[in-house]
Amino acid sequence: MAALKYWVWLSTVMGLTNRSRWLLLEHFSSPEDIYYAEPEQLRMVEGLGASQLKALEHKSLHRTQQILEACAEKEIFILTAQDAAYPNRLRSIYNAPVLLYGRGAMPLFDDEAAVAVVGTRSCTPYGIQAAEHLGYELGRQGAIVVSGLAKGIDAAAHCGALRGGGFTAGVLGCGVDVVYPESSRRLYDDVAATGVLLSEYPPGTPPERSHFPERNRIISGLSLGVVVVEAPERSGALITANTALEQGRDVFAVPGPIYADSSRGCNQLIRDGAVLVMDGWDVLEGYQSRFPHRLHCDQTELPELPEKEKVIESEKPGAPKMQEKLPTLDLRKDAAGLTDDQIRILRILNDQEGKLTDDVAVETDLPVRRVLSALTVLEIDGYIRQQSARRFVRTVELLETEEGRISYGEKG
């Protein structure tokens, strides 16, 4: 912890650029040495200007202590560039962040086929559908889906990965404790619970326009390649694609109608050499030999979300309403695209009395983390809902035999 506070101090000194922090780290052996360095020693660092040398005179650790306390309170981890879990893939890019804040579980990115899926916020239904399908296929086939948790294409890609039971990473342009946009709160919570949220900004940092181009280099830096789903000619997604090319990453694009402004950026990328993508395996096939134990071709279609049948009212005034019917989930159709964990959980839930997460873990004999992940996906898909205090009920009737519908987990 003692050494960590100097990393936080270095990353928050006002007036220092990220590049100047790296110049200091290359000259000194640690942030602690930078903190205690004499002015004449600091002047020996090539590339530092007078204003940056002046900024380093500020030695107060008050802000640092506030950040460390906020991280402890909010269960935010800190990953420095010298930590073993810091991805070499990211460390190798120009101007890599010297420090990351995170919520959730940090994967070993260097051992994973991570793929970024990005696109415009102002997307079309076609873009949403394509991003969700790609996220679902990439996650189901073994890749980590990386995106920016913004509304539109980013959110659809994250949701698809969660529905596929995959791991997803959201890179934010604000503190990892700040939900932006507010409409994404549920997705934010789901990614934090089953994946990871990352940011180079301290807790409490609000979203600012300048932060988003900066965070794009992290999205591509964590990934083997970047898939642009839908982007007009002037789009932040194209900035990410250009950054990916500068970092030596692969660039893929989903084609769109030639007359659609929202697809002009993607179509131009394809014209200029980006790989045309129609499904997740178009992206992952080239990486399979590097990650043979991670990636596998799986052409399972993204299952449709269940729609509740409407309550049928009697035409006679004052007559009681007929009982609302549960929609049917047909597990005979290739398990409806669900994982074994999700199916086991559905079978022990009922549609009346909710079960606590811990009880679900005991009854299914599954680790709590796997239960949380499966519950998240099932709730997104609409197969379950949360009553209160982490109690879940099933919202569908299961169909598993040719003879008829079978409900599981009912009292009797």
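Scanning region 339-359 for residues that are part of a helix (DSSP H, G or I), touching a residue at least 40 places away in the same chain (Cβ under 8 Å) and open to solvent by 40 Å² or more (accessible area, probe 1.4 Å) gives a single hit, ARG347. List pairs: first in region 277-295 and of a type outside the set (A, V, I, L, M), second part of a helix (DSSP H, G or I), Cβ under 6 Å, 6+ apart or cross-chain? Pairs that qualify, where the first residue is of a type outside the set (A, V, I, L, M) and the partner is part of a helix (DSSP H, G or I), are ASP279/GLU137; GLY280/LEU134; GLY280/GLU137; GLY280/LEU138.
Counting only helices (runs of 4 or more DSSP H) that sit wholly inside region 20-73, those with at least 3 residues that are exposed (fewer than 14 other Cβ atoms within 10 Å of the Cβ) and not small (Gly, Ala, Ser) are 39-42. The single condition among (1) touching a residue at least 24 places away in the same chain (Cβ under 8 Å); (2) surrounded by fewer than 24 Cβ atoms within 10 Å (Cβ to Cβ) that GLY248 does not meet is (1). Just one residue in the set LEU302, LEU224 is at pLDDT below 95 and either open to solvent by less than 60 Å² (accessible area, probe 1.4 Å) or touching a strand residue (DSSP E or B) at 6+ places or on another chain (Cβ under 9 Å) (or both); that residue is LEU302.
The values are calculated or read from the model by the stated rules, or taken from the named source; none is laboratory data. All of these numbers come straight from a predicted model, not from anything done at the bench. Cβ atoms come from the backbone with ideal geometry, glycine included; neighbour counts cover every protein chain shown. Side chains included, ligands, DNA and RNA excluded: accessible areas come from the protein's heavy atoms. Shrake-Rupley method; radii C 1.70, N 1.55, O 1.52, S 1.80 Å.
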